[in-house]
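Below: one structure, written as structure tokens.
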Amino acid sequence: LDWQKSILLTFGYDPLRCPECGASMLVLEVYHKKTALFEQYRKSMGYG
């Protein structure tokens, strides 16, 4: 299972479904300890 289905099965809600309008959302960035994970990845790979 992917993370979206795991959350749906475990907690009973779709984390990518907008609670206000029901539209499907996209993940653009993920933050960990106040830093974007994509930013950490770019730095570790030497891209910035």
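The values are calculated or read from the model by the stated rules, or taken from the named source; none is laboratory data. Predicted model only: the values in this text are computed from it and were never measured. Quick note on the areas: whole protein, heavy atoms, side chains included, nothing else; ligands and nucleic acids left out. Shrake-Rupley method; radii C 1.70, N 1.55, O 1.52, S 1.80 Å.
Pull up the range 20-48, narrow it to residues that are at pLDDT 90 or above and not acidic (Asp, Glu), then point me to the one that is most open to solvent (accessible area, probe 1.4 Å). Working first, answer last.
Restricting attention to the range 20-48, the residues satisfying the condition of being at pLDDT 90 or above are 20-26.
Those still in the list that are not acidic (Asp, Glu) too: 21-26.
On the way: Cys21: 101, Gly22: 32, Ala23: 46, Ser24: 91, Met25: 77, Leu26: 149 Å².
Ranking the qualifying residues of the range 20-48, first place goes to Leu26.
Is it fair to say Leu16 is open to solvent by less than 90 Å² (accessible area, probe 1.4 Å) and at pLDDT 90 or above?
Details: open to solvent by less than 90 Å² (accessible area, probe 1.4 Å): yes; at pLDDT 90 or above: yes.
For Leu16, the condition - open to solvent by less than 90 Å² (accessible area, probe 1.4 Å) and at pLDDT 90 or above - is met.
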